[in-house]
Amino acid sequence: MDQESHLHSGENVEPSVLIGQALLRFQDAVAMAIARARQRVVQGFIVFSIVFLLLWLAAFLYGSFYYSYMPKAAFSAPVHYYYRTDCDSPASFLCSYPLANISLMRNRKHVLTFGQAYQISLRLEVPDSPTNQDLGMFMIKTTCFSQEGGQVASSARSSMLRYRSDLLRTLGTLLFLPAFLTGAAEQRQVLDVELFSDYTDDPYAPSVTAVIEILSNKVQIYSSQLYVHAHFTGIRYLLFYFPVLSALVGVSSNFVFLSILFILSYVRVLMNVGPRTRRTYGLLSSTEENANSKQEDEKDVPAGTTELLGPCQISPTDLSPEEPHLPFGNGTELQNGNKLGQGEKKESEAASGHY
């Protein structure tokens with residue numbers, strides 16, 4: 001009966017032990033998986049941070065290069081003419097030619113970049129009036145001046161209104177009559193005059209102002225506008241006309257360059273850390289060897305000293321019942337010493353008996 005109960009109890013305990021061991025193994029496996037997952041998450045976050053930082057630096061470098069290398073593509077400024085009207089001749093409309101002074105500075109910076117070619121044109125909005133039609137051709141003179149007042153460049157271009165016959169003018173008036181009556185359209189013409197086709201500013205005497213003069217005192221003008229367009233070539237042409245492709249190429253090249261620098265720096269740090277660790281391990285091993293050698297020397301010291309002392313060194317275990325042999329003194333001195341010792345012994349016994 002005892003054997004059967006023992007067997008039954010063993011059968012009941014073994015499954016619980018197996019289950020406990022399985023749970024412990026499962027717990028260890030879960031803990032290992034969590035630790036590995038946490039390590040992977042930390043590594044992924046570090047890699048993502050480094051990649052994001054490198055991308056941001058690459059984009060910043062490309063933006064800085066684009067902002068510093070690319071000049072302003074277009075510039076426009078209104079042109080306001082002034083002229084004299086105090087003349088006495090009734091035959092002329094104006095006493096002087098219309099003249100305008102335009103500044104080529106914005107926020108105390110030059111609009112024109114040194115070494116860049118520009119196209120400078122003038123847009124005139126003039127009425128389609130009989131006076132302008134009878135005017136025919138007229139000249140437009142442009143002169144650029146530096147800060148010191150010196151003349152940098154000059155040009156003269158001719159222009160005139162487009163010819164329209166009387167029949168075409170009448171048909172156009174009848175066709176656009178509702179627009180003319182409501183003010184949605186006007187009888188006008190727009191003249192585009194190219195003042196400079198390939199103008200390059202002088203770096204030693206940059207242009208700060210441009211003077212435009214219309215060599216006609218009968219011209220009628222609604223409004224006028226000066227336009228400056230840059231003619232890009234080479235890398236600037238690609239950067240301006242293909243901005244997305246240029247940005248992708250520039251940012252990716254900067255990212256690759258920065259990644260190579262980062263990898264080389266990391267490898268160099270690892271190579272510097274390796275010899276240091278090996279050197280520290282070597283120092284530790286040398287110190288351990290020195291400590292072991294010191295211990296061995298300390299163990300060898302007694303044997304060496306006994307060998308050096310020779311027969312003078314006597315240990316207590318080597319004492320014999322024979323009378324010790326002293327290397328110095330004679331027999332009389334020994335006898336006197338024994339008598340003194342016996343006298344002191346008797347005095348001590350007498351003192352103890354007295355008390």
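What the table shows:
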{"read-out": "³J(HN,Hα), Karplus 6.51/-1.76/1.60, whole Hz, each residue of the range 65-77, x for Gly, Pro", "value": "5, 5, 5, 7, 8, 8, x, 5, 6, 9, 9, 9, 8"}
{"read-out": "Residues with amide H under 5 Å from that of residue 189, placed H, sequence gap 5 or more", "value": "126, 128"}
{"read-out": "Label point distance in nm, residue 185-residue 198, each placed 7 Å from Cα along Cα→Cβ", "value": "4.0"}
{"read-out": "Translational diffusion of the range 89-180, µm² s⁻¹ [Kirkwood Rh, Cα pairs; Stokes-Einstein; 20 °C; 1.002 mPa s]", "value": "123"}
{"read-out": "Estimated FRET transfer efficiency when R0 is 45 angstrom, pair residue 47-residue 119 (beta carbons, to 0.05)", "value": "0.35"}
{"read-out": "Other-chain or far-sequence residues with amide H under 5 Å of residue 96's (modelled H)", "value": "84"}
{"read-out": "Along principal axes, Cα extents of the range 32-107, largest first, whole Å", "value": "105, 20, 16"}
{"read-out": "By accessible area with a 1.4 Å probe, ligands and nucleic acids excluded, highest first: order of 193, 51", "value": "51, 193"}
{"read-out": "Estimated FRET transfer efficiency when R0 is 41 angstrom, pair residue 99-residue 256 (beta carbons, to 0.05)", "value": "0.15"}
{"read-out": "Förster radius 30 Å - calculated FRET efficiency between residue 60 and residue 33 (Cβ-Cβ, nearest 0.05)", "value": "0.15"}
{"read-out": "Sequence of 257, 114, 75 from largest to smallest accessible area, 1.4 Å probe", "value": "257, 114, 75"}
{"read-out": "Inter-label distance, nm, simple model (7 Å from Cα along the C-beta direction), residue 129/residue 143", "value": "2.8"}
{"read-out": "Amide H contacts under 5 Å for residue 223, placed H, 5+ residues apart", "value": "125"}
{"read-out": "For the range 165-175, Karplus couplings with θ = phi - 60° (6.51, -1.76, 1.60), whole Hz, Gly/Pro x", "value": "6, 5, 5, 5, 5, 5, 4, x, 5, 5, 5"}
{"read-out": "Listed residues 62, 163, 69, 83 arranged by accessible area, highest first, probe 1.4 Å", "value": "163, 83, 69, 62"}
{"read-out": "Taking all pairs of distinct alpha-carbon atoms in the range 141-230, Kirkwood radius in angstrom", "value": "16.5"}
{"read-out": "Karplus-derived 3J(HN,Hα), 6.51/-1.76/1.60, for each residue of the range 46-54, Hz, glycine and proline x", "value": "5, 5, 4, 5, 5, 5, 5, 5, 5"}
{"read-out": "Computed label-point distance, nm, for sites residue 109 and residue 229 using a 7 Å Cα→Cβ extension", "value": "2.3"}
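The values are calculated or read from the model by the stated rules, or taken from the named source; none is laboratory data. All values reported here derive from a predicted model rather than from experimental measurement. Ideal geometry is used to build each Cβ from the backbone, glycine not excepted, and the neighbour counts take in all protein chains shown. Side chains are part of the model used for accessible areas, which takes the heavy atoms of the whole protein and leaves out ligands, DNA and RNA. Shrake-Rupley method; radii C 1.70, N 1.55, O 1.52, S 1.80 Å.
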